[in-house]
Amino acid sequence: MAGLRGILVRVAELIAEFREGVGDRPVVPAADPEELRAAFGGPLPAEGREPTSVIEELVAAAEPGLAATAGPRYFGFVIGGALDAATAADLLATGWDQVGFNAVTSPAAAAVEEAVGAWLKELFGLPSVASFGLVTGAQAANTVGLAAARQRVLDRAGWDVEARGLIGAPRVRVVGSEERHATIDRSLRLLGLGAGSVDAVRADANGAIHIGALAEALEREPDAPTIVCLQAGNVNTGACDDLGTACDLAHRRGAWAHVDGAFGLWAAASPSTRGLVAGIEAADSWGVDGHKWLNVPYDSGYVFVADPIAHAAAMSYTAAYLVGRGTGSVRAPGDFVPESSRRARGFATWGALRQLGRRGVADLVERCCALARRFADELGGISGVEVANEVVLNQVLVGFGDEERTGRVIEAIQRDGTAWMGGTTWRGRRLMRISVSNATTTEADVDLTVEAIRRALAAVDGR
Ligand SMILES: *Cc1c(COP(=O)(O)O)cnc(C)c1O
């Protein structure tokens with residue numbers, strides 16, 4: 001087969017082969033960066049090349065450097081896999097080359113986002129009037145949510161930040177947990193509020209914001225325009241802030257409450273974990289990832305804002321009276337995100353939600369949590385191994401004695417190649433972090449990984 005059809009059939013086979021074997025290949029490739037550089041690099045070719053051979057050359061160059069992050073035993077950071085329907089839908093989005101700006105550039109891309117936004121709000125139990133944007137990830141979602149917050153708290157103080165900028169504006173106070181994710185600080189930098197604007201509130205033993213300390217922080221400067229940054233799912237422990245109480249405190253002070261729920265917001269989608277995020281609907285804005293726990297391919301995240309006017313005022317460049325209406329009655333995706341022309345990212349999420357349904361999303365969340373507990377139970381039973389967090393969600397922190405031994409065990413596990421977990425620092429201690437976020441991970445994968453950890457321990461202890 002020649003031409004585009006031939007290439008696409010070939011690529012479909014290559015992808016299928018990769019994905020069928022992703023559980024068997026070493027989780028992190030042993031690729032030599034110099035070899036990868038040499039394979040891709042060299043001088044810019046003067047002449048073009050036939051597309052089929054371009055793809056063969058690309059695959060040969062990339063293959064040794066592909067990580068099995070989509071596989072069932074990648075437990076590093078918080079990295080999800082990619083569901084079959086979501087993967088295929090994302091390939092279609094590329095193949096169709098639709099522009100997800102508004103209903104003129106792609107009626108289908110605009111309509112699929114409407115459906116996806118409504119489904120997600122229902123899954124999370126967010127207000128049905130909330131506006132939403134499909135963005136690249138929680139970093140972007142936090143930035144958009146905090147931009148809406150900045151717009152609204154300054155508007156209340158009589159300052160139009162979208163027109164006048166921040167120079168000469170009343171100072172915006174940000175109150176956030178000492179355990180907030182680093183992306184919050186970057187969002188604050190991008191928004192001109194500055195990472196230094198954060199009044200950091202201490203967290204409890206498992207990393208959730210200390211409610212008494214939050215109340216005290218809000219008592220200081222009660223009249224300043226204030227944004228409160230809350231969290232569902234601490235990246236180390238999985239702990240969730242007491243959102244209902246925290247939002248209530250924030251609102252009593254006239255503050256805006258933003259929730260960074262990159263992965264933790266998914267707790268809302270299962271009856272068994274919903275209690276962890278009770279009161280979630282009371283917040284003003286929410287950020288969450290699709291590429292982590294929903295297992296949508298990279299990159300995919302969502303932002304929701306309870307007040308669509310603040311959201312669109314912060315993001316849109318169309319006239320205010322047109323905002324969000326797009327063409328006819330179809331919402332214009334471009335009014336709720338920082339991009340103008342953009343990929344039609346709604347298709348992949350639609351594929352994921354349609355494949356799983358409400359029940360399937362709840363199962364996915366419950367299964368990952370159960371596997372995290374299985375890790376904790378099995379590892380906790382090994383002498384010289386300590387589970388260092390309260391396992392409330394899908395995150396497990398593991399210590400192997402002192403810093404040095406822990407570091408050596410982590411290295412040995414990574415070398416072994418059965419599974420991949422990284423190190424982290426939690427409360428001043430060096431620990432290993434396990435995140436169970438992949439829809440294909442099974443009990444057998446956990447057991448194989450625990451065996452690999454036992455081997456690493458034996459190697460480090462010279463047994
Ligand atoms: C992963 C994560 C983020 C950042 O998400 P990206 O998808 O990498 O942009 C923000 N907050 C928390 C709590 C996270 O776990």
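The values are calculated or read from the model by the stated rules, or taken from the named source; none is laboratory data. It should be emphasised that the depicted structure is a prediction, and the values quoted were computed from it without experimental measurement. Every residue, glycine as well, gets a Cβ built from its backbone with ideal geometry; the counts of neighbours run over all protein chains shown. Just so you know, the surface numbers come from the protein's heavy atoms only, side chains and all, with ligands and any DNA or RNA stripped out. Shrake-Rupley method; radii C 1.70, N 1.55, O 1.52, S 1.80 Å.
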Task: Bins of 20 Å from zero: percent of alpha-carbon pairs in the chain - done: 23, 53, 23, 1
Open item on the list: Which one, A61, T105, G3, projects farthest toward the positive side of the charge dipole computed for region 1-112 from Cβ point charges (K/R +1, D/E -1)?
Closed with: T105
TODO: Answer with one residue from M432, G117, G407: the one whose Cα lies farthest towards the positive end of the charge dipole of the chain, charges on Cβ with Lys, Arg +1 and Asp, Glu -1.
DONE: G117
- [ ] Let me know the charge dipole size of the chain about its Cα centre in debye, to the nearest 20, where only the beta-carbon of Lys, Arg (+1) and Asp, Glu (-1) is charged.
- [x] 660
Task: Förster radius 30 Å - calculated FRET efficiency between A370 and R429 (Cβ-Cβ, nearest 0.05) - done: 0.70
Task: Leading residue at positive end of dipole, the chain (Cβ point charges), from A239, P297, A157 - done: A157
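Can you tell me the FRET efficiency between D248 and L166 if r is taken as the Cβ-Cβ distance and R0 is 41 Å, rounded to the nearest 0.05? Kindly include the intermediate steps, with their values, before the conclusion.
On the way: r = 29 Å, r/R0 = 0.70.
Efficiency, rounded to the nearest 0.05: 0.90.
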Task: Length released on extending from E63 to D155, taking residue separation times 0.36 nm less the Cα-Cα span - done: 27.9 nm
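Quote the charge dipole size of region 310-463 about the Cα centre in Debye, to the nearest 20; the model charges only the Cβ of Lys and Arg (+1) and of Asp and Glu (-1).
Working: 21 positive and 18 negative charges, 145 e Å.
Using Cβ point charges on Lys, Arg, Asp and Glu, region 310-463 gives about 700 debye.
Got a sec? What order do R37, R415, R345 fall in by accessible area at 1.4 Å, biggest, i.e. largest, first?
Values: R37 145, R415 175, R345 20 Å².
Order by accessible area, largest first: R415, R37, R345.
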- [ ] Compute the length gained on full extension between E443 and I55: take 0.36 nm times their separation in residues and subtract their Cα-Cα distance, giving the result in nm to one decimal.
- [x] 136.0 nm
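Per DSSP H run of n ≥ 4, the term is -39500 (n - 2.57); total these for the chain, divide by its residue number, and report the mean residue ellipticity at 222 nm rounded to 500 deg cm²/dmol. Working shown, then result.
Details: 14 runs with 196 residues, N = 463.
After summing the helix terms and dividing by the residues of the chain, the value is -13500 deg cm²/dmol.
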Open item on the list: Please list, by residue number, everything in region 268-301 whose backbone N is under 20 Å from a paramagnetic label point 7 Å out along Cα→Cβ of V129.
Closed with: 279-287
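Sorted by accessible area with a 1.4 angstrom probe, largest first, how do E403, E378 fall?
On the way: E403 115, E378 55 Å².
Sorted by accessible area, descending: E403, E378.
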TODO: About the Cα centre of region 207-255, how large is the charge dipole given +1 on each Lys and Arg Cβ and -1 on each Asp and Glu Cβ? Please answer in debye to the nearest 20.
DONE: 80
Task: 13 Å beta-carbon shell around L276, net charge (K/R +1, D/E -1) - done: -3
Task: Sites V330 and R359 - FRET efficiency at Förster radius 51 Å, r taken between beta-carbons, to 0.05 - done: 0.95
- [ ] Starting from the Cα of E386, step 7 Å along the direction of its Cβ; do the same at D461; then give the gap between the two resulting points in nm.
- [x] 1.6
